[in-house]
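A.B. asks: Encoded as structure tokens, here's the structure I'll be asking about.
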Amino acid sequence: QVQLVESGGGLLQAGGSLRLSCAASGIIFKINTMGWYRQAPGKQRELVATITSGGTTNYADSVKGRFTISRDNAKNTVYLQMNSLKPEDTAVYYCNAEVVASFAGTNVVYWGKGTLVTVSS
């Protein structure tokens, strides 16, 4: 089993910055793509950003230029640096990871429980 634990959420004013972290632990051979998603009240969960094990990144248009995803493969941790935050960024942020548990294993996607980010105007 694999656990993903997010941290770093909070309440802040528009224009501020926040850094989220998500650490994976458990039976891990390797982690392929890791990502951040978010779900605002009354809305569906949406992609924020992803990063492959090689460092290739992908961002939602709404966060390009403001958010930066990164990872530390040695620590099985993914980060999301969020700058110039807007009230519309308010959401629960979830991380996920495609985990391979053994040499011949297959990808299994795990999700964290989420961390709340609230941006006031």
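A.B. asks: Can you find, within the range 1-37, the residue that is farthest from LYS86 (Cα to Cα) among those that are among the charged types (D, E, K, R) and open to solvent by 50 Å² or more (accessible area, probe 1.4 Å)?
C.D. replies: Within the range 1-37, the subset among the charged types (D, E, K, R) is 6, 19, 30.
Cutting the leftovers down to open to solvent by 50 Å² or more (accessible area, probe 1.4 Å) gives us 19, 30.
Details: ARG19: 15, LYS30: 35 Å.
Per the criteria, the residue is LYS30.
A.B. asks: Taking the stated definitions as given, is LYS75 at pLDDT 95 or above, basic (Lys, Arg) and over 14 Å from the mean Cα position of the chain (by Cα)? Before the answer, list the steps.
C.D. replies: Working: at pLDDT 95 or above: yes; basic (Lys, Arg): yes; over 14 Å from the mean Cα position of the chain (by Cα): yes.
For LYS75, the condition - at pLDDT 95 or above, basic (Lys, Arg) and over 14 Å from the mean Cα position of the chain (by Cα) - is met.
A.B. asks: Quickly run through the range 106-121 and pick out the residues that are open to solvent by 90 Å² or more (accessible area, probe 1.4 Å) and either over 23 Å from LEU20 (Cα atoms) or modelled with pLDDT of 95 or more (or both).
C.D. replies: Here is the first cut: in the range 106-121, the residues open to solvent by 90 Å² or more (accessible area, probe 1.4 Å) are 106, 111, 113, 116, 121.
Of everything in the range 106-121, those that are open to solvent by 90 Å² or more (accessible area, probe 1.4 Å) and either over 23 Å from LEU20 (Cα atoms) or modelled with pLDDT of 95 or more (or both) turn out to be THR106, TRP111, LYS113, LEU116.
A.B. asks: Right, something else. Tell me, yes or no, whether the range 97-105 has at least one residue that is at pLDDT below 95, in a strand (DSSP E or B) and surrounded by 12 or more Cβ atoms within 10 Å (Cβ to Cβ). First the steps, then the outcome.
C.D. replies: Of the range 97-105, the ones at pLDDT below 95 are 100-105.
Of the ones still in play, those that are also in a strand (DSSP E or B) are 100.
Right, trim to surrounded by 12 or more Cβ atoms within 10 Å (Cβ to Cβ) and you get 100.
Yes, the range 97-105 contains at least one residue that is at pLDDT below 95, in a strand (DSSP E or B) and surrounded by 12 or more Cβ atoms within 10 Å (Cβ to Cβ).
A.B. asks: Regarding ALA40, is this residue in contact with a Pro (Cβ under 8 Å, 6 or more places away or on another chain), over 12 Å from CYS95 (Cα atoms) and surrounded by 13 or more Cβ atoms within 10 Å (Cβ to Cβ)? Write out each step before concluding.
C.D. replies: Details: in contact with a Pro (Cβ under 8 Å, 6 or more places away or on another chain): no; over 12 Å from CYS95 (Cα atoms): yes; surrounded by 13 or more Cβ atoms within 10 Å (Cβ to Cβ): yes.
No; evaluated as a whole, the condition is false for this residue.
A.B. asks: Scan the range 106-121 for residues that are part of a strand (DSSP E or B) and either in contact with a His (Cβ under 6 Å, 6 or more places away or on another chain) or among the polar types (S, T, N, Q) (or both) and jot them down.
C.D. replies: Residues of the range 106-121 that are part of a strand (DSSP E or B), as a first pass: 107-111, 115-120.
Selection gives ASN107, THR115, THR118, SER120.
A.B. asks: For a quick check of your reading of the model, give me the residue pairs whose first member lies in the range 51-78 and is over 15 Å from GLU98 (Cα atoms), whose second is in a helix (DSSP H, G or I), with beta-carbon atoms closer than 8 Å and at least 6 apart or on different chains.
C.D. replies: SER62/GLU88; VAL63/ASP89
The values are calculated or read from the model by the stated rules, or taken from the named source; none is laboratory data. As the structure is a prediction and not an experimental result, all values here were calculated from the model. A quick note on method: Cβ atoms are made from the backbone with ideal geometry, for glycine too, and the neighbour counts reach across all protein chains shown. Each accessible area value is taken on the protein alone, full model and side chains, heavy atoms only, with ligands, DNA and RNA left out. Shrake-Rupley method; radii C 1.70, N 1.55, O 1.52, S 1.80 Å.
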